[in-house]
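Accompanying notes for the structure given below.
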Amino acid sequence: MDRRILKTRNVIKNSLTSLMKEKAFDKITIKNITEKANINRATFYLHYMDKYNLLEQSQNDILNEIKEVLSDAFKTFNPESLPIQDVNTIIPFLTCVYESIEKNSEFVKVVLGGNGDLNFQLKFKSLIEDLIKKISVIKTPSAFCIPMKYLIETATSIHIEILSNWFENEMDKTLMSWLVSHLT
């Protein structure tokens, strides 16, 4: 894709992110976004149909990036052959997810926050759920005392809460070391 297009989209996305720190998405207008981005409405509409399309594409970009990173991790680490408790199985996947989130932290923080979008949280939970289902031990429900759907819901909710706390602590770099020590 042309670098100018990427730069313009990035400016628009950053403007939306900045505005969402100040007020709820529903209160943000195209005019607010274009003024913040210092572009005209026509430029905005060259890239996005409306603010909802901007939000959805921005969310999907992050989720697709995480999926790509996870896909690469699955090429390196075969979760089918390792137990879930093995740090060599779970940490690479979590690291990939959290590194992608850290790279996009400003946007992820606002869409998961009070002015954000529940839809992103649901999409993120779905991504984590798919990851959990790919790990072999999770496929054997007899290993757990609770029904699988509750186990998956608990695990995905934990990741959302970890992210929320991580953001509250200004993305403390000790998160990954904490995860390693508590998951091993």
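The values are calculated or read from the model by the stated rules, or taken from the named source; none is laboratory data. Computed from a predicted structure; not experimentally measured. In this analysis, Cβ positions are derived from the backbone assuming ideal geometry, glycine residues included, and neighbour counts consider all displayed protein chains.
Before moving on, here are some points about what is shown:
- The C-beta contact set for the range 40-57 (first residue on the phi > 0 side of the Ramachandran plot, second residue surrounded by 15 or more Cβ atoms within 10 Å (Cβ to Cβ) and in a loop (DSSP other than H, G, I, E, B), distance under 9 angstrom, 6+ apart or interchain) is empty.
Every residue, every condition in (1) in contact with a Pro (Cβ under 9 Å, 6 or more places away or on another chain); (2) under 22 Å from residue 115 (Cβ atoms); (3) of a type outside the set (Ser, Thr, Tyr); (4) surrounded by 12 or more Cβ atoms within 10 Å (Cβ to Cβ), yes or no:
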site	(1), (2), (3), (4)
11	no, yes, yes, yes
26	no, yes, yes, no
37	no, yes, yes, yes
57	no, yes, yes, yes
65	no, no, yes, yes
73	yes, no, yes, yes
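- Applying the criterion of at least 2 residues that are modelled with pLDDT under 90 to the helices (runs of 4 or more DSSP H) found wholly in the range 40-124 leaves 51-76, 87-103, 105-112.
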